[in-house]
Amino acid sequence: MSFRAAETAKNPLGGGSLAALGMTQRIGVIADTHGVLHPRVLEVFAGVDHIVHAGDIGGEHIVRALRKLAPVTFVRGNNDQDDGLELVRRTICGKKLLITHILPRPRKLRREVAEALRNSPADVVVFGHSHLPHNEVIDGVRFFNPASAGPRRFDYPTAVGILDGENVMHVALDERSVTALQRRMNQLSHRT
């Protein structure tokens, strides 16, 4: 894959952040598209200020389509001709984010992720890979996996996420995924 992570969010009002002006900014969070952009993503992400893709993108056409909606920051996944271990740190919409594809679990971090958080804390760790939804605060850090927005896998949900100020939520992309989100939420903290 010839693309690389990029972050180009700007305040359209100029000078200072929108958050400092008391206005909320919204971040769309997506992962594991595997070359397929679910048609509902365009609707859910309409009006977001920035999009974060946590890997297994599946081609430049996905990034191009998302960039029509908002600036995009992404990491490559293990299916993007990469190892999926890339760490990208960005402050987006006033939130300090640490973005990676393979975590693997919020309570059992990869050594590099744990060191990165020790060296410079983040507000939110965004990750993908498992296709399982996750939204949990551990030691003051939110760990968020939007689930997969690509082709269905097993009985996992097809979903994306929205970070809207202090509100962080999953959005099911189809009816079946509403109950799948509830059933599969935060399983990564309960598996051994």
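Taking the stretch 61-94 as the range and being assigned to a loop (DSSP other than H, G, I, E, B), at pLDDT 95 or above and either crowded, with 20+ Cβ neighbours inside 10 Å or among the small types (G, A, S) (or both) as the test, the residues that pass are A70, V75, R76, G77, D80, G84. Scanning the stretch 115-143 for residues that are of a type outside the set (A, V, I, L, M, F, W, C) and farther than 17 Å from L163 by Cα yields a count of 9.
Residues in the stretch 122-147 that are of a type in the set (S, T, N, Q), within 13 Å of P104 (Cα to Cα) and part of a strand (DSSP E or B): N145 only.
Restricting attention to the stretch 169-185, the residues being out of contact with any strand residue (DSSP E or B) (no Cβ under 6 Å at 6 or more places or on another chain) and not basic (K, R) number 5.
For the stretch 44-60, filtered to residues that are in a loop (DSSP other than H, G, I, E, B) and touching a helix residue (DSSP H, G or I) at 6+ places or on another chain (Cβ under 8 Å), the residue that is farthest from C93 (Cα to Cα) is I57.
Within the stretch 149-192, the set of residues being of a type in the set (K, R) and surrounded by 14 or more Cβ atoms within 10 Å (Cβ to Cβ) comprises R152, R153, R184. Filtering G150, G161 for residues that are touching a His at 6+ places or on another chain (Cβ under 7 Å), part of a strand (DSSP E or B) and not hydrophobic (A, V, I, L, M, F, W, C) leaves a single hit, G161.
Applying a threshold of 6 Å to beta carbon distances and a minimum spacing of six or more residues, or different chains, the list of pairs starting in the stretch 173-192 at a residue that is without any contact (Cβ under 8 Å) to a residue 60 or more places away in the chain and ending at one that is of a type in the set (A, V, I, L, M) reads S177/A159; V178/A172; L181/A159; L181/A172; R184/L132; Q187/L132.
Residues of the stretch 69-126 that are in contact with a Lys or Arg (Cβ under 6 Å, 6 or more places away or on another chain) and over 11 Å from A54 (Cα atoms): D82, L97, A122, D123, V124.
The values are calculated or read from the model by the stated rules, or taken from the named source; none is laboratory data. As the structure is a prediction and not an experimental result, all values here were calculated from the model. Here Cβ is always computed from backbone atoms with ideal geometry, including for glycine, and neighbour counts include all displayed protein chains.
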